[in-house]
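Since every read-out is calculated from the coordinates, none of them should be taken as a lab result. None of these values were measured; they are calculated from a predicted model. FYI the Cβ positions are ideal-geometry reconstructions off the backbone, even for glycines, and counts take in every protein chain you see.
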Amino acid sequence: MSIATTLIAQHKFVRNRLLVTLTDIEKSENPQEALAWMMPFGKGRAHIAWQMMHCAATLDRYLNVRVFGKEPLFPDLVARFAGGSESLAQVVPTSLEIRQALDQTTEPYFKYFESLTDDRLNQKANEAADRTQMEVMFLLNWHESHHQGQCHLIWNSFKAKAQA
């Protein structure tokens with residue numbers, strides 16, 4: 001098994017955890033309210049839907065802008081949900097929109113990295129790249145794990161609030 005294949009398998013495992021959280025939310029009494037819920041403390045905290053869309057936007061921006069040196073495939077997604085964007089309480093995607101965004105941005109990510117040999121992983125994709133391709137994979141695996149954890153924490157907090 002190649003290094004890229006192993007790292008993609010790890011990303012798929014993490015993605016599955018994110019999708020399990022989304023499925024649990026979909027099965028809840030009011031999924032859209034849960035997706036829109038923000039932690040009640042701290043200014044500007046992101047809701048669950050933003051966290052999940054942020055995972056999709058980051059894959060698009062990282063692959064297309066930082067690796068390929070092009071524009072994002074989904075510029076509106078990146079503008080609304082990538083790092084530096086503001087989590088707006090009134091912009092709450094549905095679970096279907098979240099699933100579609102995750103699918104659309106993950107497929108090209110996997111396809112590109114599956115095409116690389118192990119020796120290419122230790123190289124930068126282009127001269128302007130700030131990381132090797134393996135570091136990109138490490139970072140994006142960590143990134144999705146981090147935001148899955150945030151989603152899980154917010155979801156558990158939402159359920160606790162509903163039971164109180």
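Restrict the search to the stretch 55-153; then list the GluC sites (Glu not before Pro) that DSSP places in a loop and that have at most 11 other Cβ atoms within 10 Å of their Cβ. Spell out each step's value before the answer.
Details: sites: Glu86, Glu97, Glu114, Glu127, Glu135, Glu144; in loops: Glu86, Glu127.
For GluC sites (Glu not before Pro) across the stretch 55-153 that sit outside H, G, I, E and B with at most 11 neighbouring Cβ atoms in 10 Å, the list reads Glu86, Glu127.
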Rounded Å value of the spacing that divides the Cα centres of the stretch 1-77 and the stretch 98-158: 10 Å
Residues Asp103, Asp24, Asp119 arranged by fewest to most Cβ contacts within 10 Å: Asp119, Asp103, Asp24
Separation of the Ala129 and Gln104 label points, Cα + 7 Å toward Cβ, nm: 2.5 nm
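Would you compute, from DSSP H runs of 4+ residues alone, the mean residue ellipticity of the chain at 222 nm, taking -39500 (n - 2.57) per run and dividing by the full residue count, rounded to the nearest 500?
Calculated from helices alone, the mean residue ellipticity at 222 nm is -21000 deg cm²/dmol.
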Magnitude of the charge dipole, the chain, Cβ model with Lys/Arg +1 and Asp/Glu -1, debye to 20: 320 debye
Contour minus Cα-Cα distance for Glu71 and Trp142 (0.36 nm per residue): 23.2 nm
Charge dipole (the stretch 3-163, unit charges on Cβ, about Cα centre) - positive-most of Ser28, Tyr62, Ala82: Ser28
Violating pairs (Cα-Cα greater than 21 angstrom) within the set Lys12/Lys161; Lys70/Lys111; Lys43/Lys161; Lys27/Lys161; Lys12/Lys159; Lys12/Lys111: Lys12/Lys161; Lys12/Lys159
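If exposed chymotrypsin sites (Phe, Trp or Tyr not before Pro) are those in a DSSP loop with at most 16 other Cβ within 10 Å, what is the longest stretch of the chain that has none? Can you show the working numbers first?
Numbers: sites that count: Phe41, Phe68.
Segment 69-164 is the longest.
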